Each structure stands twice: as C-alpha cells, then as structure tokens.
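Have a look at the structure below before the remarks.
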Amino acid sequence: MKIAFVGKGGSGKTTLSSLFIRHLAANEAAVVAVDADINQHLGAALGLDEAQAAALPAMGAQLPMIKEYLRGDNPRIASADSMIKTTPPGEGSRLLRVREDNPVYEACARTVRLDDGDIRLMATGPFTESDLGVACYHSKVGAVELCLNHLVDGVDEYVVVDMTAGSDSFASGMFTRFDMTFLVAEPTRKGVSVYRQYKEYARDFGVALKVVGNKVQGPDDVDFLRAEVGDDLLVTVGHSDWVRAMEKGRPARFELLEADNRMALQALQNAADDSYAHRDWERYTRQMVHFHLRNAESWGNAKTGVDLAAQIDPGFVLGEELAVPQPS
C-alpha cells in the first residue's frame, strides 16, 4: 500500500509517520520510506544522527538517471530528456517493486536499521543555496512523483511518504498516488482548517482520507475533533514519554512505546490494509494520464519541445500482474 502523511507544519506528521514506519518494521513488513517534505526530518525521526541524515542522497539530484532507467525501451518516449514528473509508464517502461533491488534504490535509497527490522529510506533532498530564488520546491519532489507513477506494490508491502506541510501537497497530482492519506491534525481551529482544505481537494479524486488527532490531552479534545471532522477521525494520540526521549536523541527500544500508542498505530495499519480491497488500478492510471496532460499543456510541451500527449499508451493499465522481475 502507498500511504501519505500530511498536515500543517508542527502538527507532528513526521513524528507519526516515523512511528508508523517503526510499527510496520516491527510487524516484519517490507517498507520503503520517503521524506518528501522540504524540511528533511524523517531520517532523524528514524534514528539517524545529523551526519547520517545529511549524507542521504537527494532523489532530485538523480532525476536524469531515474528517468533513463524508468524509460526502459518504451517506444513512445524518445529520450529521457523528454520525460517530466508526470510521465506515465507504458509498454516497455521499467517498473519499481518494493522488495526488489534496482539502480534507483542503489542510487537513492539507504538501509536504515530499526529495532525490529530494516527499511529503505529515500529523500527528495533539501533546498540548497543554489536553489534560492531560482527553483520551486515542487521541482524537488518530481523524482518522487515519477517513481510513484512507476511503482507496483502489493499485499504486505508499504510505501510511506512524509509529505510537505500544508496544502502544498496538492500542488501536483502526487496526492492521488496513495491508497490511504493520513492527515495529522491538532485539536485546534488551525488544525482542522487544514483538514477542510484537504477534504475539498481530495473529494473529486476519490482520495481516501483519515484524520489522526495528535497532541490530544483529554475527552474535550476528542469531542472537538469529532465535531469538526466526523467519521473521518480514525484515532487520537496523546503525550508520549517515548517520543519525548526520541526527540532528545535517546529513544528506548520501540517495544517500550506506550500500549495505547501501539494500539493507535495498529489502527492506522488496519485502515491502510483495508484500503487494499478498494484499489482501482484503472482509475489510478487514468488519473496519471489526467495530470500528465494538464502538465503537458501548461508547461511541459514548451519546456521539452515535444508533444507529451504522445507519451501516453492508451492500452496500458498499471497493475500487480505486471509485478515480475525485470533486468536492471
């Protein structure tokens, strides 16, 4: 399953996404974690020290290689230079699988050893001084979107993406790439205002959205969230001594996380797993094409000098039946 964590800055989405990743690893699941936030904190939340987090390769810097690999021998794509972040796969394209080894993971992913298992961690890369004033943040996450467009995942396989804060997550078609989106909201008016934005954006695209109430201190906070978001409220999370120690760089073993918080994480996994029965690869592929055509018309054709609509393979539908090993 492909899972996104979203929310306003400071809501705790990175902390909760890191706890969820640890929970999946403890359950022996295969996990690819992606830090797609402009503020690159997921590595630290997963236990990397400052030097290790800074040494993570930036996916954006590897975009030419990623394009060349994913293009494969797709006859509709003349060169990797003509690919943009929304280019969909077609016959001859290479696809990514969660459990495989491939050049994209070799260049962009690093193995992180957690208490109960290993996960792969990828990062878009931070804004650099050379980007200031000349680059849009969304150019950084283009590599993530392209990889998600070419990724085939199945049961007991998880791609967990810590998205950029606020409504910027909806600035590209990437928000439709997920089976489940968890919106982390504090029990405040600002917290639920972000929820209303997301709900409105997601409605037209069939995006599954559940709210995780964070920093909840008592029944009044729960009642507030329930009144504001209704049945979209999945679970609430309160104070955690384990998280406080983790944020100080001195976490205990994950098995010592408070029982109620472990139960909350299991509720997240159950909701994600339940979404599997509702996945619709035809709609997923159709949405890829929709956003590719929008990007082609608004800027892509002018930038590449080619008609990007010709990259669309009308008979191709991404799906698990395509999940067979391919040569690297």
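What does the net charge come to around Asp73 if you take all other residues with beta carbon closer than 12 Å to its beta carbon, with K and R at +1 and D and E at -1?
Details: positive: Arg71, Arg76, Arg94; negative: Glu68, Glu91.
So the environment of Asp73 carries a net charge of +1.
So in the chain, what percent of DSSP beta bridges are antiparallel if you round to the nearest 5?
15
Solvent exposure of the chain amounts to 45 Å² per residue of accessible area, where only protein heavy atoms count and the probe is 1.4 Å.
Net charge in the neighbourhood of Leu46 (other residues with Cβ under 12 Å of its Cβ; Lys, Arg +1, Asp, Glu -1) is -1. Counting only residues at least eight positions apart within a chain, or on another chain, the aspartates and glutamates with an alpha carbon under 20 Å from that of Lys303 are Glu68, Asp81, Asp131, Glu145.
Each distinct pair of alpha carbons in the range 237-292 adds a 1/r term; the inverse of their mean, the Kirkwood radius, is 14.2 Å.
If you roll a 1.4 angstrom probe over the protein chains with everything in place, what fraction of the accessible area of the range 240-300 belongs to carbon and sulfur, to the nearest %? Let's see the in-between values first.
Values: 1780 of 3580 Å².
Of the solvent-accessible surface of the range 240-300, carbon and sulfur hold 50 percent.
Annotation: amide H-H contacts under 5 Å for Glu157 (H modelled 1.01 Å from N, sequence separation of 5 or more, or interchain): none. Between the entries (i) 23.4; (ii) 20.2; (iii) 22.4, the label attached to Kirkwood radius over Cα pairs in Å calculated for this structure is (ii).
Ignoring ligands, DNA and RNA, please state the percent of accessible area on the range 13-76 from carbon and sulfur, probe 1.4 Å. C and S atoms contribute 49 percent here. Restricting the GluC sites (Glu not before Pro) of the range 232-275 to loop positions (DSSP other than H, G, I, E, B) with no more than 14 neighbouring Cβ atoms within 10 Å leaves nothing. Please work out the FRET efficiency for the pair Glu91 and Ala51, using the Cβ-Cβ distance as r and a Förster radius of 41 Å; give the result to the nearest 0.05. Computed FRET efficiency for Glu91 and Ala51 comes out at 0.40. The share of Cα pairs per 10 Å bin across the range 1-137, counted from zero up to the longest distance, runs 11, 36, 35, 16, 2 percent.
Among Arg22, Arg262, the sequence by solvent-accessible area, most first, with a 1.4 Å probe is Arg262, Arg22.
Defining a contact as two alpha carbons under 8 Å apart and six or more residues distant in sequence, what relative contact order in percent does the chain show?
27 percent.
Once both labels are positioned 7 Å from their Cα atoms along Cα-to-Cβ, the gap between Leu322 and Arg250 label points is 5.0 nm.
Return the inverse of the average 1/r over all pairs of distinct C-alpha atoms in the range 262-306, which is the Kirkwood hydrodynamic radius, in Å to one decimal. Let's see the in-between values first.
Numbers: mean 1/r = 0.0753 Å⁻¹.
Averaging 1/r across every pair of different Cα atoms and inverting gives 13.3 Å.
The charge dipole of the chain, taken about its Cα centre with unit charges on the Cβ of Lys, Arg, Asp and Glu (plus for the first two, minus for the last two), comes to roughly 600 debye. The range 242-300 and the range 8-23 have Cα centres lying 10 Å from one another.
Among residues other than Met288 with Cβ under 12 Å from its Cβ, the summed charge is +2 (Lys and Arg +1, Asp and Glu -1). Cross-link pairs exceeding 28 Å between alpha carbons, from the set Lys67/Lys199; Lys2/Lys67; Lys199/Lys248; Lys2/Lys199; Lys85/Lys248: Lys67/Lys199; Lys199/Lys248; Lys85/Lys248. Computed from phi, the 3J(HN,Hα) profile of the range 223-238 under the Karplus parametrisation 6.51, -1.76, 1.60 (θ = phi - 60°) reads 4, 4, 5, 4, 5, 8, 10, x, 6, 6, 6, 8, 6, 10, 10, x Hz, with x in place of Gly and Pro.
The values are calculated or read from the model by the stated rules, or taken from the named source; none is laboratory data. What you are looking at is a predicted structure, and each value in this text was computed from that prediction instead of being measured. Backbone-built Cβ (ideal geometry, glycine too); neighbour counts: all protein chains shown. The area values use the complete protein model at the heavy-atom level, side chains included, leaving out ligands, DNA and RNA. Shrake-Rupley method; radii C 1.70, N 1.55, O 1.52, S 1.80 Å.
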